[in-house]
Amino acid sequence: MMIANMTAEPITEPSDVPAPMQELVGLDRDELAAIMVAIGEPEGRSTLRAKQLWHWMYHHGARDFSLMTSLGGPLREKLAETCAVGRPGISREQISTDGTRKWLMRFDDNQEAESVYIPEDDRGAVCISSQVGCTLSCKFCHTGTQRLVRNLTPTEIVGQFMVARDSCGEWPSPSGERMLSNIVMMGMGEPLYNFDNVAKALRIIMDQEGIAISRRRITLSTAGVVPMMERCGAELGVSLAVSLHAVRDDLRDMLVPLNRKYPIAELLDACRKYPGANNARRITFEYVMLKGVNDSTADAHELTRLLADIPAKVNLIPFNAWPGTDFECSSNNAIYRFAEIVNNAGFSAPVRAPRGRDILAACGQLKSASIKLSRRERDARSADADGAGLAASAATS
Ligand code: SF4
C-alpha cells in the first residue's frame, strides 16, 4: 500500500517557547486562576479571567494571547511575557491511504509517543497515548517491546488531542457534528498506571466550556489493573475497554503478563462492579485474533460463558503484524467462525476493520524510538548538548 504523506524531518518543535515560561495547557481552572493572581490580577476577578482564558484556549484553540480580546490589553501583555499555550512538537506525520493519520509527537525533553486519528464517515476517534513506552510487555503488542520511559503529563495528554484538532482544522469546538468526535485512551502505555495525569487531562477534555467531548464518547482501555478500575468509573465515568485476548489464565499469563497479578476471575469481577456499566453502556472486551493461539471454537464458547453475566460487547481485532513478531493473524474463516459463536450467544462481536496498517498505526502497532536512559547516560547527553550549544554559539559569534 502507498503511504500518502510521510516526513522524516520534524514538522514542528515542541511548544517553541523558552523554558521559564509557564505552560498553561494541562492546568485546571483553579491553577489558571492562581496564575492570574500571580501576574497581578485582583483575586476577585481571577476566576472570571481564568474562565475567559479557558474558553480561548480550549474552545477556540487560540495560542496567541493577542487574539484573546476579552482579556484586556495589559493582561494579554502580561500573559505573553510569562506564559505560553503550547503543543507537543510533531516529529513525523503520516497519512494512510484509508485516511488514518498518525503523529509521532515530541515533548520538551525530546521523548516521543504516537497518537492516531481514525476517521469514519461522519465522525472519528483519536487514539491517545498515556505513557512513553509501557511496563506491561503484552506479547502481541509492538509498544510492549519498548520499556517504559516515563508517564505523560496532563499537558502532554491534552496536547495530543489539541494537535489532532489543529491538524483537522476543528476549532472552535463545534457544537454539533464533529469529525474528532471520540477519544480512545488506547495508544502507548497503560492509562491506569498513570491515572492521576490521565484523569486530570480527561477532565479538561470533558469540560463543557472547552473541548467538550462527553464522557460517553471517551473510552479508556486497560490491560486489567484491577485495583484502579472502580476509581476510574466512579471519578471519570468514561467507558471501559478491557484487553482480554485469552480465556484461560495459562494463556493470558503469557499474552498479557499482568494476568499473573490480576487473573481473569478477578478482572471479570472488577468488570461486573464497574460503575456505570449497564446494557446501554457495555464494557468492551478487546480480543486480538492470533492464529492457532486463541482462536478456536472452544475459546469462543468459553468466552461467552465468562461474559455471560456482564454487560459486554466484544471487539475482535485481526492481529496487525509488526517487525519481529512471531504471531500471525487468524484466518478469515477462523475469525468469522469465532464471531458467529459469540454473536449467537447474544453479544455484539464486530470484527474490527484494520485501519492504518500501511503506516503501522493499527491496534498494537504503535512504538516510538524513545529509550530510558540511566542517570549517567542522561548526564553525558546533556554535557554533549552543552558542548554542541557552545560550539554553535562560537560558530555564530
Ligand atoms: S497492549 Fe497496552 S498495556 Fe499491553 S504492552 Fe501494549 S500498550 Fe502496554
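Criterion applied to Cys127, Cys83 was being among the hydrophobic types (A, V, I, L, M, F, W, C) and buried (at least 23 other Cβ atoms within 10 Å of the Cβ), and the one residue passing it is Cys127. Got at least one residue in region 309-330 being away from the ligand (no atom under 16 Å from the Cβ), of a type in the set (Gly, Ala, Ser) and surrounded by fewer than 18 Cβ atoms within 10 Å (Cβ to Cβ)? Checked against the condition, which is being away from the ligand (no atom under 16 Å from the Cβ), of a type in the set (Gly, Ala, Ser) and surrounded by fewer than 18 Cβ atoms within 10 Å (Cβ to Cβ), region 309-330 yields no hits at all.
Counting the residues of region 99-126 that are touching a strand residue (DSSP E or B) at 6+ places or on another chain (Cβ under 8 Å), more than 25 Å from Ala84 (Cα to Cα) and either within 11 Å of the ligand (Cβ to nearest atom) or part of a loop (DSSP other than H, G, I, E, B) (or both) gives 3. Could you check, for region 285-295, whether at least one of its residues is modelled with pLDDT under 95, surrounded by 15 or more Cβ atoms within 10 Å (Cβ to Cβ) and of a type outside the set (D, E, K, R)? Taking every residue of region 285-295 in turn, none turns out to be modelled with pLDDT under 95, surrounded by 15 or more Cβ atoms within 10 Å (Cβ to Cβ) and of a type outside the set (D, E, K, R).
Let's see how each residue does on (1) touching a helix residue (DSSP H, G or I) at 6+ places or on another chain (Cβ under 9 Å); (2) among the hydrophobic types (A, V, I, L, M, F, W, C); (3) buried (at least 22 other Cβ atoms within 10 Å of the Cβ):
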residue	(1), (2), (3)
Pro172	yes, no, no
Ser175	no, no, no
Met186	no, yes, yes
Phe195	yes, yes, no
Ala199	yes, yes, no
Met206	yes, yes, no
Ala212	yes, yes, no
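For Ala277, the criteria (1) modelled with pLDDT under 95; (2) of a type in the set (Gly, Ala, Ser); (3) surrounded by fewer than 14 Cβ atoms within 10 Å (Cβ to Cβ) hold in every case but one, which is (3). Based on what the data block shows, is Asp98 in contact (Cβ under 8 Å) with a residue 40 or more places away in the chain and surrounded by fewer than 20 Cβ atoms within 10 Å (Cβ to Cβ)? Yes: the conditions hold for Asp98. If you take the residues of region 47-83 that are outside any helix (DSSP H, G or I) and more than 19 Å from Leu180 (Cβ to Cβ), which of them is modelled with the lowest pLDDT? Top of the filtered list is Gly72. Across region 84-98, the qualifying residues are those that are over 30 Å from Ile35 (Cβ atoms) and assigned to a loop (DSSP other than H, G, I, E, B), and the one among them that is nearest to the ligand (Cβ to nearest atom) is Ser96. For beta carbons closer than 6 Å, sequence separation of 6+ or different chains, a first residue in region 212-231 that is among the basic types (Lys, Arg) and a second that is part of a helix (DSSP H, G or I), the qualifying pairs are Arg215/Met206.
The values are calculated or read from the model by the stated rules, or taken from the named source; none is laboratory data. Worth saying up front: this structure is predicted, and the values here are computed from it rather than measured. Here the Cβ is made from the backbone with ideal geometry for all residues, glycine too, and neighbour counts use every protein chain on show.
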